[in-house]
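First up is the structure itself, then whatever we jot down about it.
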Amino acid sequence: MDMVKTDKLIDRKIPLSRAGEAIAASDLSGMIEKNEHFVYEAHSTDYQSETGLTNLVKDHYYILKVGLWVTFAFREALFDLESMEKELLEGSSVKLSGLKDTLEAVMMDKPNSWKKYYPGTEAQQLFKRKYSFSDRSRYYWPDSSVTL
C-alpha cells in the first residue's frame, strides 16, 4: 500500500486508486455484509495505528497481514553491521562483505520483485531499493549471490 492518505477522523490509512481517488474500506465492507461466509484480507498493515487496525476489523478485514516491519528491521540491522564492518576493518587484509553492493547488483539483475513498486527517477529508485518501508529487498535474501 505505497499510495495512501490518512483519514484523521477515523485514524486509518486509506488505499488510493492509481488515479489517486480514495477507496474507503467502509465502501468495500458494505459488499461483504451480503456474504456472511467471506472476509477481507488487508496486506501490509504493519504501520497502521491500533485504532486503524481496529477500524479495519470493524470493516470486515479480519486477516491483517503483517511482516514487512520485521524484514525492514532485518535489512536495517544488516546494513548497520556492514557500516561497522567498514569502520573497523576497511584497509585491513580482511575481505569485506560488500552487502549493499551485492544486494543492489542482484536487485538490478532481477528487477521483477521491485520495479513496479518503486516508481520515480533512477536516484529515487536506488533510495527505495535500499531504504523503503515496503522492503522489496526481502525477496532477494534467498538468492545464492546474497550470502549472509
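Just so it is clear, none of the values below were taken in a lab; they were calculated from the coordinates. Small disclaimer: the values here were computed from a predicted structure and weren't measured. FYI the Cβ positions are ideal-geometry reconstructions off the backbone, even for glycines, and counts take in every protein chain you see.
Scan region 31-51 residue by residue and report those that are in contact (Cβ under 8 Å) with a residue 24 or more places away in the chain, over 18 Å from SER134 (Cα atoms) and within 26 Å of the chain's Cα centre (by Cα).
Listed by number, the residues that qualify are VAL39, THR51.
Residues that are charged (D, E, K, R), buried (at least 16 other Cβ atoms within 10 Å of the Cβ) and farther than 17 Å from PHE133 by Cα: does region 81-101 have at least one?
Yes; the residues of region 81-101 include at least one that is charged (D, E, K, R), buried (at least 16 other Cβ atoms within 10 Å of the Cβ) and farther than 17 Å from PHE133 by Cα.
Output the number of residues of region 131-148 satisfying the condition of being exposed (fewer than 15 other Cβ atoms within 10 Å of the Cβ) and of a type in the set (S, T, N, Q).
Final tally of qualifying residues: 3.
When you scan region 47-148 for helices (runs of 4 or more DSSP H) that lie fully inside it, which ones turn up with 2 or more residues that are polar (S, T, N, Q)?
Where helices (runs of 4 or more DSSP H) fall fully within region 47-148 and carry at least 2 residues being polar (S, T, N, Q), they are 50-58, 68-89, 122-131.
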